[in-house]
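Down below is the structure, laid out as structure tokens.
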Amino acid sequence: MIWASKLAFVADGAPATAPGTADDELLALAMSRPRDALARARRILAGQPEPLQALVAHQAAGIVLRETADVSASIRELRQALRLARKIRSAQREADVLGSLGTAFVYAGRTADGLAAFDRAVILSTGPLAGRVLHRRGNVLWILDRYAEALDDFRRAVIVLQRAHDPIWTARALNGRGLVNLDLGFPVRADADFVAAGRLLGENGQELEVAHTVLNRGVAAFCSGYLPAALRLLDEAAGSYRTLGMPMQTLSITRCGVFLAAGLGREALTEADAAISENQELRGRSTSRARLLLTAASCALAAGQPGTALDRASSARRVLAPMQNTWLQAQTQLLIVQAHYELGPRSARLLRSAERAAGHLEELGSAQAAHAHVLAGRVARDLGRAFDAYLHFSAAAPSRRGGPAMSRLTGWLAQALLAQVSEDSRLLQIACRRGLEILDEHRWTLGASELRAQATAHGAELAALAQRHAARTRQPRLLLSWSERWRATALAVPAVRPPGTGFDADLAALRQATTRLEKARREGAPAALFEREVVRLERAVRERSLRTPGAGAPAVAGLDVAALLDELGDAQLAEIVDVDGTLHVLLCGRGRVRLLTAGTARDAMRAADFARFALRRLARARPGDDLDSAAAVLSAAGPRLQEAILGPAAHLLRDGPLVVVPPGRLHTIPWALLPALASRPFSVAPSARAWLRAHATRPPERRRVVLARGPGLVTDGAEVPLAAELYEDVTLLSGAGATAGRVLSALDGAWLAHIAAHGTFRTDSPMFSSLRLSDGPLTVYDFEQLGRAPYRIILPSCDSGVLAPAGADELLGLVSSLLPLGTAGVVAGVVPVNDQAIVPLMVELHRRLQAGYTLAEALLAVRAAARDDPVQRAAALSLLMLGAD
């Protein structure tokens, strides 16, 4: 969970002198160009100013220091200004300075002193100043979550300031009213206020405050569920803040919320911790620090780090102790309980704490009350207290009826958990289906395939509940349907391409920077500058992609099991489902779906790691190495893998083609090692629906072949010219001609493509997994720019077929970008391969394809031809056929 940011800068400095005076200009400058204002104020105070000049200079300095996070220094300056206001006996000046000081007190955690200062300021102020003081008090009341009082102050302020024809302060009051509307759940109404405020501020040269309205519009877009628009607006605001030299803690909190909604928990935690460090360095506001710590706690929970979450939330509780902020204190209590729940063990004491948190949040009218009730219900369920669980899930379930998508999703999860406790299978399936439909609506507002994949994490528990029920009741077709409902759904449609010009330019610049970096490293030259440039450009590419809006929600059709069985014909499909760590095999074929239980996911991962180790050992073999010993290790790995992954299903496989549909984290293991698969053509698909779509893909009429080779290969891609001799319609790209642009242009719509190049899989950022061409890396982002991917593509590079699990059961990597764009089948490497051993294998593969073999049949023939040479056999076993052809 994440809360709307309350770190917004409070517009300040209401001049009591006539408009256009020097005093007026200095106070306005404090909120427009703060560094310039502070410098001017210090120059004035360094001289011998008149009392009024000194008062304004101290007030301007106090405002700037407060907004740049040095609150203690701000209070000292503003107290000096207050003494001068009383000395010159100006009630208006005193009221104005009290408003500035009241805000600083609240930022410092001295809430009672701050509100007392405002109450005195309201009594003293008259005319337009009264509207400005009401605006500022409304801001701090909003910060303290006292929404009804804040909205009343802002409404009164707008009326007073419009009558006084004061556009700047009218804009500020509109902006404040928008923030309250946002927290009250009216993002459209809030956005209208922000737009109107931004227009008035822009017309009057208030650069910093225009940036605030842009930031606030980003928050409104986020609350409305439009994540790409939110990221675009936040990036725009960040650019303005950097130019003006302002802290960006408010923006960081909002970005954390967007990242969490997109399922990017680790990125959100990194952002939050950086903002906390900035706040500490700048000696920032206590309220700001508390909210940042709570944000970091939420992010840590989403990133699977409950210990970190407990540490951050406990620190926030200490900061909040002297404050009168019941909202934040109740939310802190909830986060602490949630962290303890994740850490374990469950206890009656933990249940009481969860119930207290739910009760407090409910009394406050917080939307987080539903989360708290779900948490309390889980604790009660785990303790065997079914009735208490029933009550809490019942209390949370009504949130499914309205509000943002994530709140409704929580409500449907509560409804599903309620059905589970009540043992109502029909209600359970309805709740799971409706919840996933809501998440679908949310995901298709996202254009980036990375965001679509990661966002599925929000539906993981709903999918798991439905799968668990189907497995427990031994209903094979139902388990198949639920497995397909939430498997590789991000690959169901192509990603929406970011706007071409800037994105293509960023990708080209990234290739150039990467090439310069690699050259510097080869030559032993200083590389730090190039490393920073690559990081900057990768960030620019990724952020541009994340900002891409979705193209609307396509219909997410469930799997038609009967149609799948018809389409399989004599082939079989084995879909492997991980339910609570146990692997279940759904064996489909000849009109039947059978359910068998295999081993555990843990044993399968261990066996897969053992097999990969053996393959890497043979790939790195040198003359004189003990190849027989390495081959024996490899041979032993296959049966272990098979027992863990297929179990008894291995003995029920018929002769003929097989399609394997594994869970995401088991997708790119060396499947050919399994004895049951060694003598049959098989392919691996992300889902049965993906296989059906690939199987239905028709080849282009023109059998155009594209062969390309990148630099730095030991063999110089020797198979490429040999394969070229087998075809008539061939485009051959090598040397300086094998650039990313030329290769992509040639690939578009080809019948067959083969790229011999060094491959790199990026575990830290799978979308930057790449093939090395003459002018730099060809990444997943590049492949996503294709109009139509090649019908068949061969990528014999190291790790080119590796896909990273993401979200609930999604996949990210080079191959994941090709299948949705029209590729029927891919041959790719899932571990590093021996460059010399791969050459004859690739030539044999092309001979078979030219003779009319399918990719799976051709790859089977290649494995058979390589069985007498341990290194070649390892290279053949490292290749995987993905897709359907």
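Of the residues in region 598-613, how many are part of a helix (DSSP H, G or I), more than 31 Å from the chain's Cα centre (by Cα) and within 15 Å of Pro675 (Cβ to Cβ)?
Residues flagged as part of a helix (DSSP H, G or I), more than 31 Å from the chain's Cα centre (by Cα) and within 15 Å of Pro675 (Cβ to Cβ) within region 598-613 amount to 1.
Hey, among the residues in region 272-326 that are of a type in the set (Asp, Glu) and within 24 Å of Leu65 (Cα to Cα), which one's farthest from the chain's Cα centre (by Cα)?
Within region 272-326, the match that is farthest from the chain's Cα centre (by Cα) is Glu281.
Looking only at region 160-182, filter to residues that are in a helix (DSSP H, G or I) and open to solvent by 40 Å² or more (accessible area, probe 1.4 Å); which one of those is nearest to Arg146 (Cα to Cα)?
So the residue we want is Arg177.
From the list Gly138, Gly185, pick out the single residue that is open to solvent by less than 40 Å² (accessible area, probe 1.4 Å) and touching a residue at least 40 places away in the same chain (Cβ under 8 Å).
Exactly one residue qualifies, and that residue is Gly138.
Can you find, within region 496-527, the residue that is modelled with the lowest pLDDT among those that are in a loop (DSSP other than H, G, I, E, B) and of a type outside the set (A, V, I, L, M)?
Pro499
For every residue, the table says whether it meets (1) over 30 Å from Leu517 (Cα atoms); (2) open to solvent by less than 10 Å² (accessible area, probe 1.4 Å).
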site	(1), (2)
Ser745	no, no
Gly749	yes, no
Ser797	no, yes
Gly829	no, yes
Arg847	yes, no
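Give me the residue from region 58-93 that is surrounded by 19 or more Cβ atoms within 10 Å (Cβ to Cβ), within 27 Å of Asn279 (Cα to Cα) and among the hydroxyl-bearing types (Ser, Thr, Tyr) and, out of that set, modelled with the lowest pLDDT.
Step by step, filter region 58-93, then rank; the result is Thr68.
Would you tally the residues in region 188-202 being within 19 Å of Ala30 (Cβ to Cβ) and open to solvent by 30 Å² or more (accessible area, probe 1.4 Å)?
2
Report whether or not Ala330 is hydrophobic (A, V, I, L, M, F, W, C), within 17 Å of Thr410 (Cα to Cα) and at pLDDT below 95.
Answer is no for this residue.
If only one of Val319, Val337 is under 11 Å from Val379 (Cα atoms), among the β-branched types (Val, Ile, Thr) and in contact with a Ser or Thr (Cβ under 8 Å, 6 or more places away or on another chain), which one is it?
One residue alone meets the criteria, Val337.
State whether the residues of region 646-656 include one that is within 19 Å of Arg487 (Cβ to Cβ), aliphatic (A, V, I, L, M) and open to solvent by less than 50 Å² (accessible area, probe 1.4 Å).
yes
Filter region 615-645 down to the residues that are free of Cβ contacts under 8 Å to residues at least 24 places away in the same chain and either part of a helix (DSSP H, G or I) or among the aromatic types (Phe, Trp, Tyr) (or both) and list them by number.
If the condition is that a residue be free of Cβ contacts under 8 Å to residues at least 24 places away in the same chain and either part of a helix (DSSP H, G or I) or among the aromatic types (Phe, Trp, Tyr) (or both), then Arg617, Ser629, Ala632, Val633, Ser635, Ala636 are the ones that fit.
What are the residues in region 683-710 that are closer than 24 Å to Ala874 by Cα and open to solvent by 10 Å² or more (accessible area, probe 1.4 Å), if any?
Arg709
Where in region 420-495 are there helices (runs of 4 or more DSSP H), lying fully within it, with 1 or more residues that are under 14 Å from the mean Cα position of the chain (by Cα)?
425-443, 449-455
Can you tell me which residue is surrounded by the most Cβ atoms within 10 Å (Cβ to Cβ) among those in region 342-367 that are among the acidic types (Asp, Glu) and closer than 24 Å to Asp183 by Cα?
Glu362
Output the number of residues of region 257-272 satisfying the condition of being open to solvent by less than 50 Å² (accessible area, probe 1.4 Å) and within 11 Å of Ala303 (Cβ to Cβ).
Looking only at that region, the number is 8.
Mind listing just one residue for me: the one in region 665-682 that is over 30 Å from the mean Cα position of the chain (by Cα) and either under 14 Å from Val831 (Cα atoms) or of a type in the set (D, E, K, R) (or both) and, of those, surrounded by the fewest Cβ atoms within 10 Å (Cβ to Cβ)?
Once the filter is applied, the top-ranked residue is Arg680.
The values are calculated or read from the model by the stated rules, or taken from the named source; none is laboratory data. All figures in this text were calculated on a predicted structure; none of them were measured in a lab. We place every Cβ from the backbone using ideal geometry, glycine too, and count neighbours over all the protein chains shown. Side chains are part of the model used for accessible areas, which takes the heavy atoms of the whole protein and leaves out ligands, DNA and RNA. Shrake-Rupley method; radii C 1.70, N 1.55, O 1.52, S 1.80 Å.
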